[in-house]
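Participant: If you scroll down you'll find the structure; I have some questions about it.
The values are calculated or read from the model by the stated rules, or taken from the named source; none is laboratory data. Keep in mind that this is a model prediction, so the values were computed, not measured. A quick note on method: Cβ atoms are made from the backbone with ideal geometry, for glycine too, and the neighbour counts reach across all protein chains shown. Only protein heavy atoms, including side chains, enter the accessible area calculation; ligands, DNA and RNA are left aside. Shrake-Rupley method; radii C 1.70, N 1.55, O 1.52, S 1.80 Å.
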Amino acid sequence: MTLPVNPDVETILDSCIETLRDVVLPNVEGEWPRYSADLLIGSLEYAKQLLDEDQNAKRRAELAAAVDAVRALVADASEADWAEALAEESPFEAASRLLVAGQNHPGPVADGVRDILHPVLNAQLDAEFARTIGLFGAFARNMASQ
């Protein structure tokens, strides 16, 4: 006698996505039900990607390294905002406060802070956008039908 083997979550999600895309969606009539089915497909695809890897730890480490690079740049700056921003425990909070400090104290230091932080933050935003593109397709189709 063998023990039953449960299917993995990815297999279940793939089955749901394919069923919705190939069986349900072609037979759906009406804009709202079609939008809802598209949104379900996009949500399931996004959930599948969330299971693949933990992006938060990777993003935190990338941003922490960028914040550390900013430390040397702002070390000689006289404004207290820079030191207060770097005192934050979360690299996300620190980066946010560093960018606000840059708005409040324009100049070469602020430019350097942006030069260090913007590429990291933009790359993370681009990666998340790519992961959620299935959701945006459903939203765009719904907005066009309004």
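Participant: List every residue pair whose Cβ atoms sit under 9 Å apart, with the two residues 6 or more apart in sequence or on different chains, where the first one lies in the range 111-133 and is at positive phi and open to solvent by less than 40 Å² (accessible area, probe 1.4 Å) and the second, anywhere, is assigned to a helix (DSSP H, G or I) and among the small types (Gly, Ala, Ser).
Facilitator: none
Participant: Name the single residue, out of those in the range 1-20 being open to solvent by less than 80 Å² (accessible area, probe 1.4 Å) and of a type in the set (S, T, N, Q), that is modelled with the lowest pLDDT.
Facilitator: My answer is 11.
Participant: Taking the range 42-66 on its own, how many of its residues are over 24 Å from residue 14 (Cβ atoms), free of Cβ contacts under 8 Å to residues at least 40 places away in the same chain and either touching a His at 6+ places or on another chain (Cβ under 9 Å) or surrounded by 14 or more Cβ atoms within 10 Å (Cβ to Cβ) (or both)?
Facilitator: Number of matching residues: 2.
Participant: Moving on. Considering only residues that are of a type in the set (Ser, Thr, Tyr), open to solvent by 60 Å² or more (accessible area, probe 1.4 Å) and within 16 Å of residue 124 (Cβ to Cβ), which ones fall in the range 67-109?
Facilitator: Within the range 67-109, 96 is the sole residue that qualifies.
Participant: Starting from the range 135-146, keep only residues that are modelled with pLDDT of 70 or more and part of a helix (DSSP H, G or I), then list their pairs with residues that are among the polar types (S, T, N, Q) and surrounded by 14 or more Cβ atoms within 10 Å (Cβ to Cβ) whose Cβ atoms are within a distance under 7 Å, requiring at least 6 positions of separation or different chains.
Facilitator: Once the first residue is modelled with pLDDT of 70 or more and part of a helix (DSSP H, G or I) and sits in the range 135-146, its partners that are among the polar types (S, T, N, Q) and surrounded by 14 or more Cβ atoms within 10 Å (Cβ to Cβ) give 135/43.
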